[in-house]
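Reviewing the structure listed below.
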Amino acid sequence: MGHELIAEDRLPALLQEHQKVADQALVERARRGDQDAFSELVRAHRAQAYGWANKITRDSHLAEDIVQDALIRAFLHLGTLVDSNRFLPWLQRIIRNQAYMKLRRGGPFGKEQPFTTIGSAGAGAAVDFGSDNQARLGRYRPDFVPAIPFRSGGGQAKQ
C-alpha cells in the first residue's frame with residue numbers, strides 16, 4: 001500500500017519542484033568550478049532562454065546571439081548569484097538585460113549592423129560606414145569592396 005497515485009493536476013508542480021532541486025544542486029556544483037554541471041544547466045534551460053530572448057527581439061538570429069552572450073555572462077558571474085534556488089529568474093534577468101542592450105542602439109552594440117542591411121539600398125547606393133569613419137573612408141558603392149588588411153597568427157598584415 002506504500003504506493004499512492006499522483007493526481008494528474010499535481011504532476012506539473014511536482015516536476016517543477018524536482019527540476020528546481022536538481023538545478024540547485026547543479027548551481028552549487030558549478031559554483032565550485034564543475035563545468036559539466038554548468039553544461040547540464042545550459043542543456044536543461046537553453047530552449048527556455050531562447051524563448052525569452054526571442055519574445056523580446058522577435059528575431060531568431062539575434063535571440064541566439066543574446067542567449068550565447070547571456071550564458072557566458074552567467075557562467076562568469078555565477079558566484080554573484082545569492083540564492084541558488086533563484087537560478088532561472090537570475091538567468092532570465094541576464095537575458096532580458098542582454099536583449100535590451102543589443103536592441104538599444106546607444107549601447108556597446110550601437111555600431112553593429114547586419115551585413116544583409118549594408119547592401120539592401122540597391123545597386124549603386126552609397127553605404128554608410130558610420131559618422132566616425134565617414135570622413136576617412138568616403139562613400140563606396142555596395143559592389144565595390146576595398147582591400148581590407150587583416151592580421152593572421154604571425155602579426156603581419158596581409159592584403
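Descriptive notes on the structure:
- Residue identified as in a helix (DSSP H, G or I) and either modelled with pLDDT under 95 or under 14 Å from Asp23 (Cα atoms) (or both) among Arg93, Arg86: Arg86
- Condition check for Ile56: modelled with pLDDT of 90 or more and open to solvent by 40 Å² or more (accessible area, probe 1.4 Å): yes
The values are calculated or read from the model by the stated rules, or taken from the named source; none is laboratory data. In this text the structure is predicted, and so the values were computed from the model without any measurement. With ligands, DNA and RNA removed, areas are computed over all heavy atoms of the protein, side chains included. Shrake-Rupley method; radii C 1.70, N 1.55, O 1.52, S 1.80 Å.
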